[in-house]
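Everything on this sheet refers to the single structure shown next.
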Amino acid sequence: MQHIVNAQGLNMPKLGLGTWPMLGEECTRAVEQALALGYRHIDTAAAYDNEDAVGQALANSPTPREQIHVTTKVWWDQLHPDAMRHSMDRSLKALRSEYVDLFMLHWPTTDWDLPRTLDTLVSFKEQGLARNIGVANFPLPLLRKVIAELGTPLSAIQVEYHVLLGQNALLDYARQHDMALTAYTPLARNKVSQIPAIQQIAAKHGVLPTQVALKWLLDQPNVAAIPKASSESNQLANLAALDVRLDDEDRALIASLSKRERQVSPDFAPVWDAFDE
Ligand SMILES: NC(=O)c1ccc[n+]([C@@H]2O[C@H](COP(=O)([O-])OP(=O)(O)OC[C@H]3O[C@@H](n4cnc5c(N)ncnc54)[C@H](OP(=O)(O)O)[C@@H]3O)[C@@H](O)[C@H]2O)c1
């Protein structure tokens with residue numbers, strides 16, 4: 001059974017495959033394998049330098065392109081209209097596609113004409129190059145400005161989110177505005193496997209800690225998750241997380257964990273929202 005997030009015309013499988021930092025043949029092989037196992041959502045970005053490898057996997061796979069959700073993103077130093085257009089053209093060419101399912105601004109910047117950047121983003125949707133548009137790594141005040149003040153029809157936001165990092169305020173806002181929230185780094189780079197409370201829940205159900213961490217995300221309305229996994233065994237385990245059944249006691253235990261551990265915060269990151277647990 002497919003588990004889908006529906007938001008403003010977006011129909012995105014809840015579990016996707018993250019592709020960073022895979023490159024070249026390793027990436028092509030991992031994406032082809034994931035598609036063969038049943039994944040129908042692939043996350044890439046211009047900055048990952050692997051869109052061509054993903055495009056090769058899409059071309060090799062017997063699964064029709066229209067059955068696969070592909071997200072890509074434009075880097076933060078390419079947000080002037082001409083540069084954005086070139087980035088979109090390069091992405092489509094590399095992905096061997098006439099459209100992407102979701103096109104995102106990868107990070108905000110301060111060096112931009114925000115309304116023009118957003119107009120360009122919207123024009124991609126109007127031209128059918130992007131079926132849906134979204135943003136990644138936008139803190140809540142900036143997301144509010146983009147939606148409430150500037151009226152941009154975003155279907156999704158992508159942020160770091162896992163059992164060690166809370167995103168309640170952003171998630172509330174996303175739900176109120178019929179947007180999906182894609183959780184990146186959903187396994188906290190496998191740190192979730194070392195958390196005693198997660199190990200305890202996993203032992204209780206006879207599953208893996210990574211599956212508990214993923215299912216906690218996937219059970220939440222509007223939330224999708226994109227764990228990166230290269231091996232067949234990890235890809236399969238992550239897919240099987242969809243079948244795990246967590247109960248109220250498990251959720252209460254996970255809610256009691258401190259949620260302040262951000263894994264991804266490069267020097268160009270915005271000022272993040274206060275931690276919310
Ligand atoms: N928008 C953004 O700014 C942004 C930032 C960061 C990441 N992302 C996206 O999010 C994706 C995932 O994030 P991430 O790669 O940072 O972290 P992650 O998915 O939390 O962790 C990936 C690591 O966990 C391992 N792993 C996966 N499944 C496992 C399993 N079942 N058991 C044990 N280990 C497992 C992987 O190993 P193997 O590969 O060996 O399986 C890899 O080392 C990226 O690939 C990218 O697409 C987006």
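Please go through the stretch 28-55 and pick out each residue that is in a helix (DSSP H, G or I), among the small types (Gly, Ala, Ser), more than 12 Å from the ligand (Cβ to nearest atom) and open to solvent by less than 50 Å² (accessible area, probe 1.4 Å). Correct list: 53, 55. Restricted to the stretch 174-184, and to residues there that are more than 11 Å from the ligand (Cβ to nearest atom) and open to solvent by less than 20 Å² (accessible area, probe 1.4 Å), the residue that is nearest to residue 194 (Cα to Cα) is 181. Total residues in the stretch 210-239 satisfying the condition of being without any contact (Cβ under 8 Å) to a residue 40 or more places away in the chain, open to solvent by 40 Å² or more (accessible area, probe 1.4 Å) and either closer than 17 Å to residue 41 by Cβ or more than 13 Å from the ligand (Cβ to nearest atom) (or both): the figure is 2. Filtering the stretch 1-27 to residues that are touching a residue at least 40 places away in the same chain (Cβ under 8 Å), among the charged types (D, E, K, R) and away from the ligand (no atom under 11 Å from the Cβ) leaves only 14.
Of all residue pairs spaced 6 or more apart or on separate chains, those with beta-carbon atoms under 6 Å, a first member in the stretch 152-167 that is under 12 Å from residue 135 (Cβ atoms) and a second member that is open to solvent by 10 Å² or more (accessible area, probe 1.4 Å) and not in a loop (DSSP other than H, G, I, E, B) are 158/184. Cβ-Cβ distances below 8 Å connect the following pairs, each with a first residue in the stretch 250-273 that is under 13 Å from residue 160 (Cα atoms) and more than 13 Å from the ligand (Cβ to nearest atom), a second residue that is open to solvent by less than 30 Å² (accessible area, probe 1.4 Å) and not hydrophobic (A, V, I, L, M, F, W, C), and a separation of six or more residues or different chains: 259/166; 260/166; 273/139.
Rundown of residues vs (1) closer than 30 Å to residue 23 by Cα; (2) among the charged types (D, E, K, R), yes/no style:
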site	(1), (2)
203	no, no
213	yes, no
220	no, no
225	yes, no
228	yes, yes
242	yes, no
250	no, yes
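For the stretch 197-209, the tally of residues that are more than 15 Å from the ligand (Cβ to nearest atom) and either polar (S, T, N, Q) or closer than 26 Å to residue 136 by Cβ (or both) stands at 1. Is it the case that the stretch 127-135 has a residue that's open to solvent by 50 Å² or more (accessible area, probe 1.4 Å), free of Cβ contacts under 8 Å to residues at least 40 places away in the same chain and charged (D, E, K, R)? Looking for residues that are open to solvent by 50 Å² or more (accessible area, probe 1.4 Å), free of Cβ contacts under 8 Å to residues at least 40 places away in the same chain and charged (D, E, K, R), one finds none in the stretch 127-135, hence no.
Can you tell me which residue among 75, 107 is within 16 Å of the ligand (Cβ to nearest atom), surrounded by fewer than 19 Cβ atoms within 10 Å (Cβ to Cβ) and hydrophobic (A, V, I, L, M, F, W, C)?
Details: 107 fails: surrounded by fewer than 19 Cβ atoms within 10 Å (Cβ to Cβ).
None of the others qualify; the one that does is 75.
Selection over the stretch 74-107 of residues that are closer than 19 Å to residue 269 by Cα, of a type in the set (A, V, I, L, M) and in contact with a helix residue (DSSP H, G or I) (Cβ under 7 Å, 6 or more places away or on another chain) gives a count of 3.
Under the condition of being under 21 Å from the mean Cα position of the chain (by Cα) and over 17 Å from residue 195 (Cα atoms), which residue from the stretch 245-266 is surrounded by the fewest Cβ atoms within 10 Å (Cβ to Cβ)?
As a first pass, look at the stretch 245-266 and keep what is under 21 Å from the mean Cα position of the chain (by Cα): 259-266.
Of the ones still in play, those that are also over 17 Å from residue 195 (Cα atoms) are 264-266.
Working: 264: 13, 265: 11, 266: 7.
Checking each candidate, the answer is 266.
The values are calculated or read from the model by the stated rules, or taken from the named source; none is laboratory data. Not measured: the values here are computed from a predicted model. Note that each Cβ is placed from the backbone with ideal geometry, even for glycine, and that neighbours are counted across all protein chains shown. All accessible areas refer to the heavy atoms of the entire protein, side chains included, with ligands and DNA or RNA removed. Shrake-Rupley method; radii C 1.70, N 1.55, O 1.52, S 1.80 Å.
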